[in-house]
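The values are calculated or read from the model by the stated rules, or taken from the named source; none is laboratory data. These figures come from a predicted structure and were not determined experimentally. Quick reminder, even Gly has a Cβ in these numbers, built from the backbone with ideal geometry, and neighbours come from all protein chains shown.
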Amino acid sequence: MRKAFFIITFLIGELTGFQNHPTDSVINRIIDTPLRYPIRFAYVADSRNSFDPNDPSADSIFSLIKETINEISPLFVVHGGDFVQRGYTWEYDHFLNVIDSFETNLLTVRGNHELYADEGPYLYDSLFGETDYYFDYGGYRFIFLADCQQDSLIDPYYGTHWIDYFISEEQIEWLDSLLTEADSLGYWAFVFAHVPPYLPGHDTTYCLGYYYYYPRPNYSLSHTQEFTDLLRDHNVIAGLFGHQHFYDRWTYQGVLYLISGGGGSPLVYPLQPPPYGAYVHHFLLFELDSTYSITVKFYEAGSFLPDPQFTFTYSVEVEEESTSGPPEITTTQTLILERGQPIPLISDRISGTAYLYDISGKRIGEIIGGSTTLWTDELSPGIYFLTYRFPGGVKLLRIIILPG
């Protein structure tokens, strides 16, 4: 089976003439490209098909994304992981067909779905090479690491391996050495991993450090705090992740954290309303200039134009400047109400107007400072977001309306 697989892989590379594996070959093509600013790269993650046959085809959605990326022609694209369902041979073979039809360089991050099948880790290593790697280009350092590993235990229900979610002590030391060296060279870094870290007060579930994940207690054994501390203490512009099937943008301890898991897999509700969160299949385009200022553009699957609502610039020397939307949200809480109950607000702490958004980001209501309640009689059951200013920042209230 393995021999047949590699014969097919070889033929695919011969037919297309643009083979996006192994990783070393792709990196060599990138660094051999004459430097020109802005450096442009795309990021997409979580393009695996759903296990529910009634869900839209992830392959079709990812094909739309690929078409736009080919048209834009960035220097490279990063796939942030979960490009197969279980990690079987035929699934890897299918993914190679897809990435070798990209007209640009493509790099991968290994996700948890690449590991469920017994042969998953072997296939990834054989096709792509090391899971932890880096390269430098144009004064930037790009660092990639795997933060999920195959466990030897088998799930009795699915018959596939359990997954452990952690960054090892050796990886922490490796990352620290790379970031320290980048600091000494005057470089600024991007760090890529599949599973985003636990960010207290914001992203606390289905992430590195989540209490439900193994090994337990995951927050300490996964070295989540050591990881985020490293990003804080070094010249890191941003951490880029997938795993969670939505878009999310958050600044924690001075570091930009972006989750972009909209490559085609079934979507889940985001943590924030636009322009900081989105419930839509998408990819991101990064434009990096020589002064370490970056522009991030958001492309919905099937669109050849970025959505200006989500476009923003970020500089390592100044606070984040958004082209639209409210300032960076500092706290998040969830309120569960039955339809018809009021949304309680402390009016004397509200500065200006509070805005109510539905899950798509459409503004559907507002409350002027001085009022005390916003009624939910006309709201359908579902998830809503309320944003308002208060002393010290902007507050985000996630509201879940249950049937009355």
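Please work out if F83 is out of contact with any His (no Cβ under 7 Å at 6 or more places or on another chain), crowded, with 21+ Cβ neighbours inside 10 Å, assigned to a loop (DSSP other than H, G, I, E, B) and not aliphatic (A, V, I, L, M).
Yes: the conditions hold for F83.
Checking F102 against (1) closer than 21 Å to L231 by Cβ; (2) in contact with a helix residue (DSSP H, G or I) (Cβ under 8 Å, 6 or more places away or on another chain); (3) surrounded by fewer than 20 Cβ atoms within 10 Å (Cβ to Cβ): exactly one of these is not met. Which one?
If we test F102 against (1) closer than 21 Å to L231 by Cβ; (2) in contact with a helix residue (DSSP H, G or I) (Cβ under 8 Å, 6 or more places away or on another chain); (3) surrounded by fewer than 20 Cβ atoms within 10 Å (Cβ to Cβ), just (1) comes out false.
Can you name the residue in segment 65-83 that is more than 18 Å from F246 (Cα to Cα) and β-branched (V, I, T) and, of all such residues, is nearest to the chain's Cα centre (by Cα)?
V77
Restricting attention to segment 159-167, does a residue exist that is over 21 Å from C207 (Cβ atoms) and surrounded by 15 or more Cβ atoms within 10 Å (Cβ to Cβ)?
Looking for residues that are over 21 Å from C207 (Cβ atoms) and surrounded by 15 or more Cβ atoms within 10 Å (Cβ to Cβ), one finds at least one in segment 159-167, hence yes.
Please give the number of the condition Y158 fails out of (1) part of a loop (DSSP other than H, G, I, E, B); (2) more than 22 Å from the chain's Cα centre (by Cα); (3) farther than 20 Å from N49 by Cα.
Of the numbered conditions (1) part of a loop (DSSP other than H, G, I, E, B); (2) more than 22 Å from the chain's Cα centre (by Cα); (3) farther than 20 Å from N49 by Cα, the odd one out for Y158 is (3).
Any residue in segment 208-237 that is in contact (Cβ under 8 Å) with a residue 12 or more places away in the chain sitting within a Cβ distance under 6 Å of a residue that is of a type in the set (S, T, N, Q) and part of a loop (DSSP other than H, G, I, E, B)? List the pairs, counting only those 6 or more apart or interchain.
L208/S222; G209/S222; R232/Q253
Given the structure, is V77 modelled with pLDDT of 95 or more, touching a Leu at 6+ places or on another chain (Cβ under 8 Å) and among the aliphatic types (A, V, I, L, M)?
Yes.
Considering only segment 1-47, state which residues are modelled with pLDDT under 50, surrounded by 12 or more Cβ atoms within 10 Å (Cβ to Cβ) and of a type in the set (F, W, Y).
F5, F6
Just one of (1) at pLDDT 95 or above; (2) surrounded by fewer than 16 Cβ atoms within 10 Å (Cβ to Cβ) trips up F283, so point out which.
For F283, the exception is condition (2).
Of the residues D52, D118, which is modelled with pLDDT under 95 and assigned to a loop (DSSP other than H, G, I, E, B)?
After ruling out the rest, the residue left standing is D52.
Among the residues of segment 185-227, what is the count of those that are assigned to a helix (DSSP H, G or I) and under 19 Å from D164 (Cβ atoms)?
8
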